[in-house]
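S.K.: Dropping the structure in here first, questions after.
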Amino acid sequence: MRLAGKTVVLCVTGGIAAYKAADLTSKLRHAGAAVRVLMTESATQFISPMTFETLSGNRTVVDTFDRNFAWEVEHISLAKAADVFVIAPATANVIAKAAHGIADDMVTTTLLATKAPVVIAPAMNTGMYDNPVTQQNLQTLRMRGFHIIDPAAGRLACGDTGRGKLPDTPVLIHGIERALTPQDLAGLRVLVTAGPTQEAMDPVRFLSNHSSGKMGYAIAARAAMRGAAVTLVSGPTALDTPAGVQRVDIISARDMYDAVLSRADKQDMIIKAAAVGDYRPAQAAPEKLKKGDDALTVTLARNPDILAALGQRKRPGQLLCGFAMETQNLIDNAESKLRRKNCDMLVANSLRDEGAGFGTDTNIATLLFADGRRETEPIMSKEALADVILDRLIALRQ
Ligand code: PMT
């Protein structure tokens, strides 16, 4: 989580969704951010400043001319203190003021003074949101580099149904973190595979492996956070889809082959972190296999090698990153996979290293490059390793 140690100036404006800003304040603080809350007068009709004081541990500022506490020009000091400036919920009124430089209260004067990235989460009645004036104001703010978090659709407090709901806290936090993250993958398409495959023996049994999907999901999440358009082709896992990622669910290696190969040509980077079954039962029985007294022999058929197929049809400019999971001769086996499968980079990890491999939150990897370079990484979180992998792929593009 990149929010630790950051100062978030959170502006709450007057709509029924103001109550959701309390949860946002709490979650930001849990993530290690310092939260300074500003409210408009109308926001105080929906929720008390004291709620935010308690949750943030800081005084909530409403009145620009409050002399009880301020020893400096408060809207200027808050504008400077902000690492990120958030308006959530943002009413049509504050959006219009922001678009036109109107500064007539604590929120809008501080907004005008800040140089921090600004995140705006509109929440209002559908008619107000869809109104061309509001849309034009939002477009003006987008063009000025403001980060707009699109509202969710659904039943609104006024009884109407449509766009205008303040998104849930995880979506808001993702938008705030994204505003704090350099968008060095913007404009790129990245496809990531993750998790195990399941190869059916009969309707109730399958062959699989211990992959949890954590490594691939971390790569997908970080690539999306850094601005890429990410497709995650995932085997069965218990993980939530990372925010901003398009997920395609598959079961077997052959499903994964079809899902990946049909999307491959459009991708700038393909990262194959999935643990794909090399074999499948040659015949999946149509009904449950009944047990008998004798041993059961199952004939296995070879699955297609997806990474090898990608390596054969790699287009100029496309980068292919494979993984290798080994229990012995890690580097030799990984080097051989890098060459045979025509990868630009390969991430080698060993099941024998404590803190590496299946199911863990950490990994230990050696990165091998097509030009012969090798880089051994110390133990780190899968999220941190995801960033290292993406950093190296960006460097290869250059
Ligand atoms: O999911 P986690 O619990 O977080 O665990 C992470 C991980 C251990 C699964 C991950 O770090 C990892 O190593 N993934 C690759 C596992 C693997 O299948 O390695 P391999 O050496 O068998 O395969 C080599 C490469 O070929 C891999 O990129 C694999 O996706 C690919 N492959 C393999 C077989 C096949 N039929 N098609 C493929 O594309």
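S.K.: By how many nm would the segment from THR299 to SER262 lengthen if fully extended, with 0.36 nm per residue of separation less the alpha-carbon distance?
M.R.: That pair, THR299 and SER262, stretches by 10.4 nm at full extension.
S.K.: Additional query: Against the longest alpha carbon principal axis of the chain, how many degrees, from 0 to 90 and to the nearest 10, is the axis of helix 132-143 turned?
M.R.: Helix 132-143 sits roughly 70 degrees off the main axis of the chain.
S.K.: Assign unit charges at the C-beta atoms only (+1 for Lys and Arg, -1 for Asp and Glu), then state the dipole size of the range 143-227 relative to its Cα centre in Debye, rounded to the nearest 20.
M.R.: 220 debye
S.K.: Subtract the Cα-Cα distance of ALA370 and SER42 from 0.36 nm times their separation in residues, and report this length gain in nm to one decimal.
M.R.: Working it through step by step, the gained length comes to 112.0 nm.
S.K.: What residue among PHE206, SER234, GLY355 has its Cα farthest toward the positive end of the dipole of the range 189-397, where the charges are +1 on Lys, Arg and -1 on Asp, Glu, each on the Cβ?
M.R.: Result: SER234, furthest along the dipole toward the positive end.
S.K.: Over the range 7-180, give the accessible area per residue in Å² for a 1.4 Å probe, as an integer.
M.R.: Ligands and nucleic acids excluded, the result is 46 Å² per residue.
S.K.: Moving on. Find the accessible area per residue for the range 189-397; the probe is 1.4 Å, ligands and nucleic acids are left out, and the unit is Å².
M.R.: About 47 Å² of surface per residue is accessible.
S.K.: Say we join alpha carbon atoms closer than 10 Å with springs in a Gaussian network model of the chain; which of VAL192, VAL298, VAL118 then has the biggest fluctuation?
M.R.: Largest GNM mean-square fluctuation: VAL298.
S.K.: Quantify, in whole percent, the carbon and sulfur part of the accessible surface of the chain (1.4 Å probe; protein heavy atoms only). Could the numbers behind the result be given before it?
M.R.: Numbers: 9640 of 18860 Å².
Of the solvent-accessible surface of the chain, carbon and sulfur hold 51 percent.
S.K.: Same structure again: Compute the signed sum of charges (Lys and Arg +1, Asp and Glu -1) over the other residues within less than 14 Å, Cβ to Cβ, of THR134.
M.R.: +1
S.K.: Oh, and also: Please work out the FRET efficiency for the pair ASP63 and ALA186, using the Cβ-Cβ distance as r and a Förster radius of 41 Å; give the result to the nearest 0.05.
M.R.: 0.55
S.K.: Then there's this: Whole-Hz ³J(HN,Hα) for each residue in the range 106-122, computed from phi via Karplus 6.51 cos²θ - 1.76 cosθ + 1.60 with θ = phi - 60°, x for glycine and proline: what do you get?
M.R.: Values, residue by residue: 4, 5, 6, 5, 5, 4, 5, 8, 7, 10, 6, x, 10, 10, 10, 10, x Hz.
S.K.: Once you have all Cα-Cα distances for the chain, histogram them in 20 Å bins from zero and send the whole-percent values.
M.R.: 25, 43, 27, 5, 0
S.K.: Taking θ = phi - 60°, what integer Hz values does the Karplus form 6.51 cos²θ - 1.76 cosθ + 1.60 yield along the range 176-183, in sequence order, with x for Gly and Pro?
M.R.: 5, 4, 5, 5, 8, 10, x, 8
S.K.: Starting from 0 in steps of 10 Å, tell me what percent of the Cα-Cα pairs of the range 189-397 lands in each bin.
M.R.: Using 10 Å bins, I get a P(r) of 9, 35, 36, 14, 5, 1 for the range 189-397.
S.K.: Next question, about the same structure. Does anyone have the angle between helix 214-225 and the longest principal axis of the chain? Alpha-carbon axes, 0 to 90°, nearest 10?
M.R.: 40 degrees
S.K.: Ok, one more. Would you mind working out the magnitude of the charge dipole of the range 7-180 relative to its Cα centre, with +1 at each Lys and Arg C-beta and -1 at each Asp and Glu C-beta, to the nearest 20 Debye?
M.R.: Value, rounded to 20: 360 debye.
S.K.: Now for a separate question. Taking the chain as the reference, fit the longest principal axis to its C-alpha atoms, fit the long axis of helix 382-397 to the helix C-alpha atoms, and give the angle between the two in degrees, 0 to 90, nearest 10.
M.R.: On a 0 to 90 degree scale, this one is about 80.
S.K.: To check you understand DSSP bridge types, tell me what percent of the beta bridges within the chain (both residues inside) are antiparallel, rounded to 5.
M.R.: Working: 19 of 62 bridges.
The answer is about 30 percent antiparallel.
S.K.: What does the helix-only formula give at 222 nm for the chain: each DSSP H stretch with n ≥ 4 adding -39500 (n - 2.57), the total divided by the residues, and the result rounded to the nearest 500 deg cm²/dmol?
M.R.: Mean residue ellipticity, 222 nm, calculated: -9500 deg cm²/dmol.
S.K.: If we count every other residue with Cβ under 11 angstrom of LYS382's Cβ, Lys/Arg +1 and Asp/Glu -1, where does the sum land? The partial results should precede the final answer.
M.R.: Details: positive: LYS214, ARG222; negative: ASP361, GLU383, ASP387.
My count for the surroundings of LYS382 gives -1.
S.K.: Find the centroid of the Cα atoms in the range 1-26 and in the range 226-305, then give the distance between the two in whole Å.
M.R.: 39 Å
S.K.: Let me ask another. Nearest 5 percent is fine: what portion of the DSSP beta bridges confined to the range 7-180 is antiparallel?
M.R.: 20 percent
S.K.: Something else: Counting only the heavy atoms of the protein chains, how much of GLU41 is accessible to a 1.4 Å probe, in Å² to the nearest 10?
M.R.: About 120 Å², ignoring ligands and nucleic acids.
S.K.: Something else: Quick check: Cα centre of the range 28-64 to Cα centre of the range 316-342, how many Å?
M.R.: 51 Å
S.K.: Each residue of the range 320-337 in order: what ³J(HN,Hα) in whole Hz does its phi give by Karplus 6.51 cos²θ - 1.76 cosθ + 1.60, θ = phi - 60°, with x for Gly and Pro?
M.R.: 10, 10, x, 10, 9, 10, 10, 10, 8, 6, 3, 6, 4, 5, 5, 4, 5, 5
S.K.: Given +1 on the Cβ of Lys and Arg, -1 on the Cβ of Asp and Glu, and no further charges, what dipole in debye does the chain carry about its Cα centre, rounded to the nearest 20? Could you put the intermediate results ahead of the total?
M.R.: On the way: 45 positive and 42 negative charges, 159 e Å.
Roughly 760 debye, rounded to the nearest 20.
S.K.: Right, here's the next one. Starting from 0.36 nm per residue, how many nanometres of slack lie between LEU396 and GLN136 once their C-alpha separation is accounted for? Can you show the working numbers first?
M.R.: Working: separation 260, 0.36 × 260 = 93.60 nm, distance 3.96 nm.
In short, 89.6 nm is gained.
The values are calculated or read from the model by the stated rules, or taken from the named source; none is laboratory data. None of these values were measured; they are calculated from a predicted model. Neighbour counts are summed over all protein chains in view; Cβ atoms, including those assigned to glycine, are modelled from backbone coordinates with ideal geometry. Quick note on the areas: whole protein, heavy atoms, side chains included, nothing else; ligands and nucleic acids left out. Shrake-Rupley method; radii C 1.70, N 1.55, O 1.52, S 1.80 Å.
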